[in-house]
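A.B. asks: The structure's right below; bear with me while I get my questions together.
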Amino acid sequence: MNTWRLIAIIVLMTLSVIDLAATYHYVYKYKKWQPEKPYNMIEKNPLLVFLWNNIGLHFGMIVGSAVILTLIYIVGKTAHPIIIGILFLFLCWAVFFNHISNINLLNQLIDKYPSGHLPEKTFGKVVGNN
């Protein structure tokens, strides 16, 4: 295996673990705040949503992480360098922009509406509103 490919696999796997951990933290915190909110309205990854709905958040996250990390490893080991670069950019965006802004927004909402009830006058009809 080439040295650059080994480094790419390590970087992709590290970013993926950070992404999965941040996703778990966000969804866990969100569900504590609004327990009736459906998972598909919190997360867009259909594999994770399917697993969470069928086997629960904790075990579903473990199974989903194993599947996703296996796929990331296979892509890192076999894909064309351009594909690896694109995956790297997407993971960087997810970790360094998307999760940070989503978690900050969720924290602001929790601080402002600790009961989990969002006023319909301000937010409109919200699915899973406490």
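A.B. asks: Working out 0.36 nm times the residue gap between residue 1 and residue 53, then minus their Cα-Cα distance, what length gain in nm do you get to one decimal?
C.D. replies: 14.8 nm
A.B. asks: Let me know the shape class of the range 48-114, please: from the alpha-carbon gyration tensor, a ≥ b ≥ c as square roots of the eigenvalues, rounded when a/c is under 1.5, otherwise prolate if a/b is greater than b/c, or oblate.
C.D. replies: It comes out oblate by the Cα gyration axes.
A.B. asks: Taking loop as defined by DSSP and a crowding limit of 14 other beta carbons within 10 Å, which trypsin sites (Lys or Arg not before Pro) in the range 48-130 fit?
C.D. replies: For trypsin sites (Lys or Arg not before Pro) across the range 48-130 that sit outside H, G, I, E and B with at most 14 neighbouring Cβ atoms in 10 Å, the list reads 125.
A.B. asks: Now a separate question. Three principal axis extents, largest first, for the C-alpha atoms of the range 28-85, in Å?
C.D. replies: 43, 19, 16
A.B. asks: Also, quick follow-up: Check each of the trypsin sites (Lys or Arg not before Pro) in the range 1-59 and keep only those in coil by DSSP with at most 10 other C-beta atoms within 10 angstrom; list them in order.
C.D. replies: In loop regions of the range 1-59 (DSSP not H, G, I, E or B), the sparsely surrounded trypsin sites (Lys or Arg not before Pro) are 44.
A.B. asks: Mind listing the phi-derived Karplus ³J(HN,Hα) values for the range 35-49, rounded to whole Hz, using 6.51, -1.76 and 1.60 with θ = phi - 60°, and x for any glycine or proline?
C.D. replies: Values, residue by residue: x, 8, 5, x, 4, 5, 9, 9, 10, 9, 6, x, 5, 5, 4 Hz.
A.B. asks: Shifting gears a bit: Count the lysine pairs in the chain whose Cα atoms lie under 25 Å apart, taking only pairs 8 or more positions apart in sequence or on different chains.
C.D. replies: 20
A.B. asks: I've got another one for you. Could you give each residue of the range 110-117 its phi-based ³J(HN,Hα) in whole Hz, using Karplus coefficients 6.51, -1.76, 1.60 with θ = phi - 60°, and x for Gly or Pro?
C.D. replies: 5, 5, 7, 10, x, 6, x, 8
A.B. asks: Once label points are set 7 Å from the Cα along Cα→Cβ at both residue 89 and residue 17, what is their separation, rounded to one decimal in nm?
C.D. replies: With each label placed 7 Å out from Cα toward Cβ, I get 2.6 nm.
A.B. asks: Using unit Cβ charges (K, R positive; D, E negative) and no other charged atoms, how large, in debye to the nearest 20, is the dipole of the range 8-58 about its Cα centre?
C.D. replies: So the dipole magnitude of the range 8-58 works out to roughly 160 debye.
A.B. asks: Here is a follow-up. Cα convex hull of the chain: how many Å³ per residue?
C.D. replies: About 105 Å³ per residue, rounded to a whole number.
Since every read-out is calculated from the coordinates, none of them should be taken as a lab result. Owing to the predicted nature of the structure, the values given are computational and were not obtained by experimental measurement. Please note: Cβ atoms are built from the backbone with ideal geometry, for glycine as well, and neighbour counts cover all protein chains shown.
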